[in-house]
Amino acid sequence: MHLLITAFEPFGGESQNAALLCAKQLSLPAPHRLTIIKVPTVFGRCTEVALEAVRALHPDAVLCLGQAAGRAAITPERIAINCRDARIPDNAGAQPIDKPIAPDGPDAYFSRLPIRAMTDAIRAAGVPAAISNSAGTFVCNDLMYGLLHALKAEAPHLPCGFIHVPITPAQAAAFDPPLPSLPEQEILTGLNAAIRTLL
């Protein structure tokens, strides 16, 4: 299997992104292959970068990662909605409000990943996990929806979806009061368990 993983650059004034930090440390046992790409935290452009990689690499599955400050568990996303509604600007300064991602697209797309098996595997590894029914309306949702919308025609059977991870304790300490977090090693353990369901 060749697995493509995307992870976002830091955003919102932070110097780190827990998803990117952990993605860089993932690996797969031979003969499986893993490609990790950093995508910009920019509406639209994140999907373009990820789609370019899919077209160039022809992976067997695509797993997109993002961080969700305030969550205390690793959360595979069930659904992405056709909406951009940004609480803060993206890294290009865009802050769309109540705008569609694809004006001609459906209201939503469901994940093509085995999210129930992933959640069970993460929990079995001793790491908090739960299925999430909302990927939000920021750039994480934008990427999940945008990819699934494009792949509907280009690769209708390619497994593809999104997982949010909590921020790390170092990131959480910058908030007053501190937000929920998970240690980096726990996030890695959980992600590796989720990935094994795809192999």
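The values are calculated or read from the model by the stated rules, or taken from the named source; none is laboratory data. Quick caveat: nothing in here was measured; it's all calculated off a predicted structure. Quick reminder, even Gly has a Cβ in these numbers, built from the backbone with ideal geometry, and neighbours come from all protein chains shown. SASA here: full protein model, heavy atoms, side chains in, ligands and nucleic acids out. Shrake-Rupley method; radii C 1.70, N 1.55, O 1.52, S 1.80 Å.
Looking only at region 140-172, residues that are among the hydroxyl-bearing types (Ser, Thr, Tyr) and either at pLDDT below 95 or within 26 Å of ARG112 (Cβ to Cβ) (or both) come to 1 in all. Against the conditions (1) within 13 Å of ASP142 (Cα to Cα); (2) out of contact with any Asp or Glu (no Cβ under 7 Å at 6 or more places or on another chain); (3) charged (D, E, K, R), ASP98 satisfies every one except (2). Inside region 1-52, residues that are of a type in the set (D, E, K, R) and either open to solvent by less than 30 Å² (accessible area, probe 1.4 Å) or in contact (Cβ under 8 Å) with a residue 60 or more places away in the chain (or both) make up a count of 2.
Kindly indicate the residue of region 38-67 that is β-branched (Val, Ile, Thr) and either modelled with pLDDT under 95 or over 19 Å from ALA18 (Cα atoms) (or both) and also nearest to the chain's Cα centre (by Cα) among those meeting that condition. Top of the filtered list is THR47. Would region 109-130 turn up any residue that is aliphatic (A, V, I, L, M), farther than 17 Å from LEU191 by Cα and open to solvent by 30 Å² or more (accessible area, probe 1.4 Å)? For region 109-130, residues aliphatic (A, V, I, L, M), farther than 17 Å from LEU191 by Cα and open to solvent by 30 Å² or more (accessible area, probe 1.4 Å): absent. Candidates in region 75-108 are the residues that are open to solvent by 60 Å² or more (accessible area, probe 1.4 Å) and outside any loop (DSSP other than H, G, I, E, B); of these, the one that is nearest to VAL39 (Cα to Cα) is ILE81.
For region 173-196, the candidate set comprises residues that are small (Gly, Ala, Ser) and at pLDDT 95 or above; within that set, the residue that is most open to solvent (accessible area, probe 1.4 Å) is SER181. Among the residues of region 142-172, just one is touching a helix residue (DSSP H, G or I) at 6+ places or on another chain (Cβ under 7 Å), open to solvent by 10 Å² or more (accessible area, probe 1.4 Å), in a helix (DSSP H, G or I) and of a type in the set (A, V, I, L, M), namely ALA150. I want to confirm something. Restricting to region 58-69 and keeping residues that are in contact with a Leu (Cβ under 7 Å, 6 or more places away or on another chain) and either among the aromatic types (Phe, Trp, Tyr) or within 15 Å of PHE138 (Cβ to Cβ) (or both), which single residue is least open to solvent (accessible area, probe 1.4 Å)? Only one residue tops the list, namely CYS64.
Going by the structure shown, is ALA72 open to solvent by 30 Å² or more (accessible area, probe 1.4 Å), at pLDDT 95 or above and touching a Pro at 6+ places or on another chain (Cβ under 9 Å)? For ALA72, the condition - open to solvent by 30 Å² or more (accessible area, probe 1.4 Å), at pLDDT 95 or above and touching a Pro at 6+ places or on another chain (Cβ under 9 Å) - is met. Could you please let me know if THR137 is part of a helix (DSSP H, G or I), hydroxyl-bearing (Ser, Thr, Tyr) and either over 25 Å from LYS38 (Cβ atoms) or in contact with a Lys or Arg (Cβ under 7 Å, 6 or more places away or on another chain) (or both)? When the stated conditions are applied, THR137 does not pass them.
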